[in-house]
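Notes follow once the structure below has been shown.
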There are 2 protein chains.
Amino acid sequence: MDHELKEIIKKCDIAIKQEDFDTLMNYYTDEAILVVKPGMIARGKGEIKKAFIAIANYFNNSVAPTQGEMIILEAGDTALVLSKTLLTSDKKDSEYSMDRKATYVFKKNSQGQWHCAIDNSYGTELINQ
Amino acid sequence: MDHELKEIIKKCDIAIKQEDFDTLMNYYTDEAILVVKPGMIARGKGEIKKAFIAIANYFNNSVAPTQGEMIILEAGDTALVLSKTLLTSDKKDSEYSMDRKATYVFKKNSQGQWHCAIDNSYGTELINQ
């Protein structure tokens, strides 16, 4: 059976594709951050939801993320997910890479539910900026 | 002033260089994991300490890590550190890269102290294996 985080990330990818950002926000912690692009960070569900709406607009409302090879490093109630993330969209001139090695940090709460605390699809490429 | 995590990581690097692994273990959570090498994970302080002793031996007791450019993504009590990590050692034929883009996950406890939960100096390169 796949790791439950793999299933959660799949549900997030579907929610992004369907632009169902209320469902998507259920998978983030209240204090979560999203790296929108290098140098720009959204903090908290309100800002993250707005950022996803802007990202959807940027990609002509056609963006769909999928995950390739994925490694889940789990340590108690904390997990680091390393994932090959592929973005497809109708927009052919994106200034951002559509093929990324992402880093996602998840936290498990006292009910055993995982939520994303740090969503950085740019991975270690940020330190090249 | 530097972020306190930068100071903590500096203290860890000094402890590794001095092979002071008891001091080093103070900076890890009880459930921490260390990616020793691709495919090999040490779990908990006991295994992590043993792994650091083996790593020191592998590098002829001469290994010294230093950090270059570092990005700290902080979300409440969780932080993802992306860091250019440089290893130097007398050993000239290491089969592992000495110049890495590392990913470290830290947790802040109720006393406000940060501890490393996930120590993965290989960063997203693991998904290439």
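Looking across the range A:72-108, the residues that are of a type outside the set (Gly, Ala, Ser), open to solvent by less than 50 Å² (accessible area, probe 1.4 Å) and farther than 20 Å from residue B:73 by Cα come down to A:87, A:91, A:98. Scoring residue A:49 on the criteria (1) in contact with a helix residue (DSSP H, G or I) (Cβ under 6 Å, 6 or more places away or on another chain); (2) closer than 25 Å to residue B:128 by Cα leaves a single failure, condition (2).
Each row is one residue, and each column tells you yes or no for (1) acidic (Asp, Glu); (2) within 14 Å of chain B (Cβ to nearest Cβ); (3) closer than 17 Å to residue A:61 by Cβ; (4) not in a helix (DSSP H, G or I).
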residue: A:12; (1), (2), (3), (4): no, no, no, no
residue: A:16; (1), (2), (3), (4): no, no, yes, no
residue: A:19; (1), (2), (3), (4): yes, no, yes, yes
residue: A:30; (1), (2), (3), (4): yes, yes, no, yes
residue: A:33; (1), (2), (3), (4): no, yes, no, yes
residue: A:41; (1), (2), (3), (4): no, yes, no, yes
residue: A:46; (1), (2), (3), (4): no, no, no, no
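Scanning the range B:109-129 for residues that are open to solvent by 60 Å² or more (accessible area, probe 1.4 Å) and more than 9 Å from every other protein chain (Cβ to nearest Cβ), which turns out farthest from residue B:2 (Cα to Cα)?
Taking the range B:109-129 and keeping what is open to solvent by 60 Å² or more (accessible area, probe 1.4 Å), we get B:110-111, B:113, B:125, B:128-129.
The next check asks that each one be more than 9 Å from every other protein chain (Cβ to nearest Cβ); those that pass are B:110-111, B:113.
Values: B:110: 22, B:111: 20, B:113: 16 Å.
Selected residue: B:110.
Find the residue count for the range B:1-34, including only residues that are among the small types (Gly, Ala, Ser) and in contact (Cβ under 8 Å) with a residue 40 or more places away in the chain.
Of the residues in the range B:1-34, 1 are among the small types (Gly, Ala, Ser) and in contact (Cβ under 8 Å) with a residue 40 or more places away in the chain.
When A:92, A:84 are screened for being more than 27 Å from residue B:35 (Cα to Cα) and either within 11 Å of another protein chain (Cβ to nearest Cβ) or among the basic types (Lys, Arg) (or both), only A:92 passes. In this entry, residue A:54 is excluded by the filter for residues that are in contact with a strand residue (DSSP E or B) (Cβ under 9 Å, 6 or more places away or on another chain) and surrounded by 15 or more Cβ atoms within 10 Å (Cβ to Cβ). Do we have residue B:106 as more than 24 Å from residue B:2 (Cα to Cα) and either of a type in the set (A, V, I, L, M, F, W, C) or in contact (Cβ under 8 Å) with a residue 40 or more places away in the chain (or both) here? For residue B:106, the condition - more than 24 Å from residue B:2 (Cα to Cα) and either of a type in the set (A, V, I, L, M, F, W, C) or in contact (Cβ under 8 Å) with a residue 40 or more places away in the chain (or both) - is not met. Do the conditions hold for residue B:66, that is, is it assigned to a strand (DSSP E or B) and open to solvent by less than 60 Å² (accessible area, probe 1.4 Å)? When the stated conditions are applied, residue B:66 does not pass them. Beta carbons closer than 6 Å, at least 6 apart along the sequence or on distinct chains, pair a first residue in the range B:75-93 that is farther than 29 Å from residue A:117 by Cβ with a second that is assigned to a strand (DSSP E or B) for B:88/B:64.
Filtering B:20, B:30 for residues that are open to solvent by 80 Å² or more (accessible area, probe 1.4 Å) and touching a helix residue (DSSP H, G or I) at 6+ places or on another chain (Cβ under 9 Å) leaves a single hit, B:30.
The values are calculated or read from the model by the stated rules, or taken from the named source; none is laboratory data. In this text the structure is predicted, and so the values were computed from the model without any measurement. Positions of Cβ are generated from backbone atoms using ideal geometry, with glycine treated the same way; all protein chains shown enter the neighbour counts. The area values use the complete protein model at the heavy-atom level, side chains included, leaving out ligands, DNA and RNA. Shrake-Rupley method; radii C 1.70, N 1.55, O 1.52, S 1.80 Å.
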